[in-house]
Structures are given as structure tokens and as C-alpha cells.
């Protein structure tokens with residue numbers, strides 16, 4: 001697909017100029033930027049570039065501690081949990097880093113039927129999930145785009161006892177405005193799309209054929225989504241394809257473009273780092289590998305730069321790295337993930353059908369227990385989507401700090417549901433103890449909201465939110 005609309009808001013020359021002009025910043029400059037960041041009004045592209053060159057251990061520690069402080073101020077102890085649901089791994093593109101690429105004969109291809117999607121959904125519901133990210137390769141089956149709409153409807157219609165999926169987010173190929181309107185009418189939450197790399201020469205080198213070769217069509221996807229009324233979009237880069245410093249500055253340009261044109265930036269930023277994938281040599285040997293130290297620094301800097309944006313960490317990363325990212329800015333994680341169609345029913349999943357190699361193989365209950373041990377409240381809340389607190393409306397509550405009077409009580413309510421319906425004995429005991437601690441630290445207004453909600457859930461009511 002060729003589009004006449006160019007993504008000129010990504011200015012590579014400007015980015016290269018900023019990076020080449022930067023020098024290792026003096027400690028006084030870093031402290032000045034951190035003081036500005038603590039005001040929670042964000043940072044400029046030049047300021048992000050400056051912090052990206054910090055390598056002194058004491059200053060890096062201060063960057064991370066400031067990011068943690070800002071995250072706690074905005075999100076408190078909440079940590080949103082979700083799971084991906086891969087409905088198809090058929091793809092018409094040739095992306096050298098991805099197992100789904102069209103010519104990969106090592107991959108077992110599969111497109112789930114609606115009953116198979118319902119079965120995968122039932123398994124996720126039994127695990128305690130309320131929020132799903134539906135993922136599909138970029139080749140539609142015979143039913144065309146209707147297959148995607150039918151799949152969303154199937155997920156929403158599937159119930160198991162008191163459990164259900166309350167919000168379906170989607171990760172799909174770029175769409176036309178009309179199809180984005182259909183997705184909105186289908187009731188999706190966030191439309192998520194990864195640019196993979198903002199560097200045009202690298203983008204051309206790793207996308208050999210298919211509609212994904214069109215850089216501009218992909219990069220302007222969120223413009224079309226927002227024009228169609230989808231005000232929650234999720235961006236991301238596949239770190240390892242090009243210099244991570246370039247990528248986060250380009251991401252900042254993209255964020256600023258959306259803010260200027262639509263009044264609100266992305267709802268989430270994802271931080272996938274390249275992992276081995278079946279049939280891909282480049283995935284095992286990233287051309288621009290990102291060390292763990294740089295990975296954490298990057299996430300912390302982005303938390304300082306766009307403080308109110310949700311930040312997502314997938315199960316590409318192992319448990320240790322995931323724990324560390326929670327301390328520097330991550331506010332959403334996947335749990336118990338499978339990245340192949342039918343992977344939840346298959347148990348461990350099919351490595352020859354997966355998009356990439358998982359780093360965290362723990363069950364949902366193990367992840368929840370670990371998160372609780374770190375002092376975070378696992379949240380399965382979807383209330384904002386269903387009450388219209390999205391896009392600019394969400395930011396209008398978040399920036400003055402009012403959102404915590406909704407989110408924290410809602411998080412506790414959904415966590416209580418998990419403890420009542422799905423948690424193992426050890427997790428349930430630890431979770432109930434954490435809820436008691438959280439109630440002690442809440443202010444009066446939050447407690448007045450949370451206690452009645454918790455009592456309703458303990459009494460058998462479900463989906464209690466404000």
C-alpha cells in the first residue's frame with residue numbers, strides 16, 4: 001500500500017543534529033533537569049538527549065530514583081496486568097527480525113476459529129485476566145477484516161462463571177479511517193502499533209516486502225485512528241534495530257506531533273527489546289544491542305519525559321529485568337503470556353508458532369505473588385475505558401492528581417476479585433495483607449471509596465468500580 005501522506009514530523013536530520021551536538025552533561029545540568037522533571041511537566045527532546053548521555057553511576061542512580069518518585073506520585077502502587085491473545089500468525093510482510101515473516105517455512109501457521117478464540121479466552125478468564133491484547137499477523141483470512149471484528153466480539157461474549165474480559169485492546173496492521181471507525185464501534189480500548197524503528201534507512205533494510213514496507217503509511221496510523229475517534233493509542237519501538245538514543249528522540253517527535261494535532265499523546269509506550277525468533281538470524285544478533293543498564297536508563301528517562309503516559313513491559317524480558325523496570329517507570333506488564341495462536345490451550349505454547357522467545361515463563365499467579373512481594377497492587381481495572389475517561393479526559397484528571405481517587409480504589413476492587421476467584425492460598429494470604437496495608441496508607445477520600453467496594457466484592461458482587 002502506498003500513501004501520499006508523509007510522516008514529516010519525524011525529522012531525522014534534526015535528531016542527528018541534536019545527538020551530534022550533545023556532550024556528556026555536567027552534574028549540575030543533570031540535577032537541573034531532574035528538578036524540572038519532578039514538576040511533572042515533561043522534558044524536551046534536547047533534554048531527553050542530554051540525559052541519554054549520562055554514564056556516571058551516581059547520576060544514573062538519581063535519574064532512576066527520580067523516575068521512581070514520579071511514577072509513585074502519579075500511579076501510586078498500582079500495576080496493571082494483561083495478557084496477549086494471538087489469533088493468527090499468518091503474515092504477508094517480510095520483516096527480517098520476525099518469526100511471522102511470510103517466507104519463514106520454519107513457522108507453523110495457524111489462524112484460530114471463533115470457537116478456538118473463545119477457548120483461549122476461557123483459559124485466560126480462568127487465570128484471572130480481565131484485559132486482553134488481541135494480536136494478529138498482517139494477513140487476513142478469507143473473511144477479511146470482518147474476522148478481526150468477529151474475534152473481538154467473540155472475546156467480549158465469552159464468560160466463565162463470574163469472569164469475563166472487560167476490555168480488548170488490539171495490536172494490528174495499520175488501517176484506513178473507516179476501518180478504525182469499525183474498531184471503535186467494536187468497543188476496543190487501545191489501538192497499539194509498533195513502529196519497529198523510526199530510522200528510515202534501517203526500516204527499509206529490515207522490511208523487504210509487503211505493505212509494511214511503507215514507512216509513512218505505518219507512521220501516520222495513529223493520525224487515522226484518532227481521526228476515527230480512537231483517542232487511546234499505544235506506540236513502541238523494537239529496540240535493537242537501531243541506536244536507542246535516536247529511537248527515543250524520534251518517539252518524542254511522534255508524541256509531540258500527536259499532542260499538537262489532536263491535543264493528546266499516546267496512552268501507552270511499550271519497550272520491546274529484540275529476542276530470538278524462529279527463522280530469524282538478526283533477532284538473535286541485534287545490530288544495535290541494548291544493554292540492561294541502557295534499557296533501564298531509557299525507561300527512566302521516558303518516565304521523566306512523558307510522566308503521565310502508561311509504560312508497558314512484556315514477557316520478552318526475564319523476571320529479574322522486569323522487576324527492575326517496575327522501579328523506574330513501568331506501569332503495565334503482561335503475565336502468563338503465550339505468543340502463538342492456541343498457545344494457552346497448548347500449555348507451554350508452540351515455539352515453532354511463536355512470534356518471539358519468551359523471557360518470563362511464570363504463571364499469572366506466580367507473577368501476581370511476586371508483584372505483591374514487591375509492594376505493588378496488581379490491577380485488573382478497565383473502568384476508565386467504560387466510563388469515558390480516555391484520551392484528553394483521562395489527562396484532565398491525571399495531571400492535577402485527581403485520577404488516583406478513581407484508580408486506586410478500582411485497583412483494589414479488581415485485585416480483591418482476583419483474590420476471591422482465582423488466587424492460590426499463598427497468593428491470597430499475601431494479597432489480603434497488602435490490601436490491609438494499602439487501606440492504612442490511603443487518605444480519607446480514597447478509603448471512603450475503597451472500603452464499600454471491597455466489601456461488595458467480598459460479599460459476592462463483581463465488576464464494582466467508580
Taking neighbour Cβ counts within 10 Å as the exposure measure, how do 55, 232 sort from fewest upward? 55, 232
From the helices alone, meaning DSSP H stretches of at least four residues, give me the mean residue ellipticity at 222 nm for the chain, per-run term -39500 (n - 2.57), in deg cm²/dmol to the nearest 500. -14500 deg cm²/dmol
Report for the range 101-212 the percent antiparallel among DSSP-assigned beta bridges with both residues inside it, nearest 5. 20 percent
For 73, 120, 47, which order do you get if you count the other beta carbons within 10 Å of each Cβ and list the fewest first? 73, 47, 120
Hey, what did the range 70-170 get for relative contact order, percent, Cα under 8 Å, at least 6 apart? 32 percent
Placing one equal point scatterer on each C-alpha of the chain and summing with Debye, one gets log10 I(q)/I(0) at q = 0.08 Å⁻¹ equal to -0.44
Percent relative contact order for the chain, counting Cα pairs under 8 Å at least six residues apart, stands at 20 percent
Tell me, in nm to one decimal, what length is gained between residue 462 and residue 205 on full extension, where the rule is 0.36 nm per residue of separation less the Cα-Cα distance? 87.5 nm
FRET efficiency, 1/(1 + (r/R0)^6) with R0 22 Å, evaluated for residue 216 and residue 178 via beta carbons: 0.70
Whole number please: convex hull volume per residue, Cα atoms of the range 58-180, in Å³. 190 Å³
Report the calculated FRET efficiency for residue 150 and residue 373 (r = Cβ-Cβ distance, R0 = 51 Å), to the nearest 0.05. 0.80
Using a 10 Å cut-off on Cβ atoms, rank the peptides 259-268, 440-449, 137-146 from the highest mean neighbour count down. 259-268, 137-146, 440-449
Among 72, 58, what is the fewest-to-most ranking by other Cβ atoms within 10 Å? 58, 72
Could you give the Stokes-Einstein D for the range 121-275 in µm² per second, using the C-alpha Kirkwood radius, 25 °C, 0.890 mPa s? 148 µm²/s
How much length, in nm to one decimal, is gained on full extension between residue 44 and residue 12, taken as 0.36 nm per residue of separation minus their Cα-Cα distance? 9.9 nm
If you take every DSSP beta bridge whose two residues both sit in the chain, what share of them, in percent to the nearest 5, is antiparallel? 15 percent
Linear extension gain, residue 36 paired with residue 319, 0.36 nm per residue minus alpha-carbon span: 98.7 nm
The range 116-167 and the range 322-379 have their Cα centres apart by a whole-number Å value of 18 Å
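Throughout, read-outs are computed from the coordinates displayed, never taken from laboratory work. Treat the numbers as computed from the prediction; the structure is a model and nothing was measured. A quick note on method: Cβ atoms are made from the backbone with ideal geometry, for glycine too, and the neighbour counts reach across all protein chains shown.
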